[in-house]
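Trainee: One structure, pasted below without further comment.
The values are calculated or read from the model by the stated rules, or taken from the named source; none is laboratory data. The structure presented is a predicted model; accordingly, all values stated were derived computationally and were not measured. Note: ideal-geometry Cβ built from the backbone for every residue, glycine included; neighbour counts use all protein chains shown.
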Amino acid sequence: MNRLTTSWGEFDLTRFPEDPRDTLRAWDAADEYLLRHLEEVSPSGTVVVLGDRWGALVTALAALSPVQISDSFLGREATRANLARAGVDPSAVRLLTTQDPPPERIDVLLVRVPKSHALLEDQLHRLAPALHEGTVVVGTGMVKEIHTSTLQLFERIIGPTRTSLAVKKARLIFATPDPSITPGPSPWPCTYTLDGDSSAVSGRTAVNHAGVFCADRLDVGTRFFLRHLPGPGAPGRRIVDLGCGNGVVGLAAALTDPDAELLFVDESYQAVASAEATFRAGAAPGTKAEFRVGDGLSDVAPGSVDLVLNNPPFHSHHATTDATARRMFTDARRALRPGGELWVIGNRHLGYHVTLRRVFGNSELIAGDPKFVVLKAVKR
Ligand SMILES: C[S@@+](CC[C@H](N)C(=O)[O-])C[C@H]1O[C@@H](n2cnc3c(N)ncnc32)[C@H](O)[C@@H]1O
């Protein structure tokens with residue numbers, strides 16, 4: 001736990017899930033810079049915070065009754081915990097997802113620049129109609145996250161844009177709404193047809209809401225996974241696409257096993273919406289499927305699943321990557337019935353076979369090329 005000190009108070013903040021070994025803070029210099037700037041401008045009216053990672057901004061600004069817009073289930077859980085720890089009445093802060101309709105009128109728009117340029121583009125398109133000439137728009141991010149293309153998005157969708165000086169490697173973005181700008185509709189979701197080399201999903205349509213993993217083409221690892229997925233199993237078996245992204249892996253399983261019951265899970269609202277759209281466009285009518293936003297399989301009953309398919313997230317932050325994959329494997333083991341299987345794709349160098357052996361006691365190599373491996377672990 002770390003303490004953020006602001007003129008609105010001091011706040012003990014954590015990420016989600018809480019991990020005592022995790023030394024990473026729930027805010028950064030970009031959040032601090034924005035909060036210091038707001039002390040000078042005294043914002044009022046409807047305050048919307050887009051992309052607040054772990055809820056540091058809305059927790060510090062709770063007195064302004066802000067609206068948070070987030071694409072992350074983990075981020076929202078962290079926000080709820082941080083607000084509760086700060087003693088904030090839950091009704092004081094509205095938590096919206098990127099899929100919810102935004103407020104109709106926004107007086108102050110605060111944007112923590114998200115990692116995904118596409119998500120920023122899509123959300124600015126969605127929020128622009130709610131802005132008016134007097135709306136105060138302030139973005140914030142670390143210098144390395146703010147590119148010329150980021151500023152061009154603000155400029156093109158909102159209006160004239162300038163940046164502040166950098167402080168502690170963070171920068172603010174100031175955009176002045178220009179009512180004469182008509183940015184047109186959001187280019188998202190992006191839809192493409194899966195080519196003839198996409199195994200069971202060849203010729204189907206992948207629907208990608210902004211910000212999902214590899215939104216404009218089939219990822220090479222996913223393509224390799226599709227080539228080596230298990231064949232049909234017993235009728236009615238329960239299959240989970242864990243970390244489903246746009247859902248092509250689960251769709252492939254549904255096409256191979258039309259009698260199966262599918263569950264698509266992701267922590268991103270955009271991903272789950274994409275998976276549902278991809279499934280509806282490509283699955284045989286009558287195939288059973290459920291779409292759930294959540295943290296891994298934490299809310300799936302133990303021993304209730306026959307097969308888990310998983311392409312774990314791969315971030316540049318190495319420690320985080322391993323931690324999420326390990327949690328996903330542990331979740332899968334708990335959710336599987338005895339004899340149930342987890343199939344995983346990963347970069348060869350990540351050594352998932354070691355983690356699987358630790359969690360399941362076994363790991364079998366199904367396929368490999370110089371870059372990727374597909375591994376199977378069985379719940380004994
Ligand atoms: C490498 S992508 C795989 C996407 C898709 N299954 C594919 O193979 O193309 C990993 C996915 O895991 C999701 N993810 C990350 N952390 C998660 C968590 N704690 N619970 C559920 N999904 C998570 C990410 O949002 C992302 O969509």
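Trainee: How about segment 34-57: which of its residues are modelled with pLDDT under 95 and within 22 Å of LEU165 (Cα to Cα)?
Mentor: Those that are modelled with pLDDT under 95 and within 22 Å of LEU165 (Cα to Cα): GLU39, GLU40, VAL41, SER42, PRO43.
Trainee: I would also like to ask the following. Output the residue which, of all residues in segment 255-284 that are in a helix (DSSP H, G or I) and among the charged types (D, E, K, R), is farthest from the ligand (Cβ to nearest atom).
Mentor: Here the residue is ARG280.
Trainee: Is at least one residue of segment 49-59 in a helix (DSSP H, G or I), under 19 Å from the mean Cα position of the chain (by Cα) and of a type in the set (Asp, Glu)?
Mentor: no
Trainee: Checking the structure you have, find out if any residue of segment 215-232 is among the polar types (S, T, N, Q), in contact (Cβ under 8 Å) with a residue 12 or more places away in the chain, within 25 Å of ARG348 (Cβ to Cβ) and not in a loop (DSSP other than H, G, I, E, B).
Mentor: Yes.
Trainee: Could you pull out the residue among VAL373, VAL344, VAL359 that is within 16 Å of the ligand (Cβ to nearest atom), farther than 20 Å from THR256 by Cβ and part of a strand (DSSP E or B)?
Mentor: Every option except VAL373 fails the conditions.
Trainee: Please specify each residue of segment 292-313 satisfying the condition of being of a type in the set (A, V, I, L, M, F, W, C) and free of Cβ contacts under 8 Å to residues at least 40 places away in the same chain.
Mentor: ALA301
Trainee: Looking at this structure, is ASP299 in a loop (DSSP other than H, G, I, E, B), in contact with a strand residue (DSSP E or B) (Cβ under 9 Å, 6 or more places away or on another chain) and surrounded by fewer than 23 Cβ atoms within 10 Å (Cβ to Cβ)?
Mentor: It is true that ASP299 is in a loop (DSSP other than H, G, I, E, B), in contact with a strand residue (DSSP E or B) (Cβ under 9 Å, 6 or more places away or on another chain) and surrounded by fewer than 23 Cβ atoms within 10 Å (Cβ to Cβ).
Trainee: Just one of ALA26, ALA118, ALA78 is within 18 Å of TRP8 (Cβ to Cβ) and either charged (D, E, K, R) or in the same structural domain as THR6 (by TED's automatic domain parsing) (or both); which is it?
Mentor: ALA26
Trainee: Of all residues being in a loop (DSSP other than H, G, I, E, B), surrounded by fewer than 24 Cβ atoms within 10 Å (Cβ to Cβ) and touching a residue at least 40 places away in the same chain (Cβ under 8 Å) in segment 236-254, which is farthest from the ligand (Cβ to nearest atom)? Just the residue, please.
Mentor: Only one residue fits best here, namely ARG237.
Trainee: Among the residues of segment 79-101, count how many are closer than 11 Å to ALA63 by Cα and under 19 Å from the mean Cα position of the chain (by Cα).
Mentor: Residues meeting the conditions: 0.
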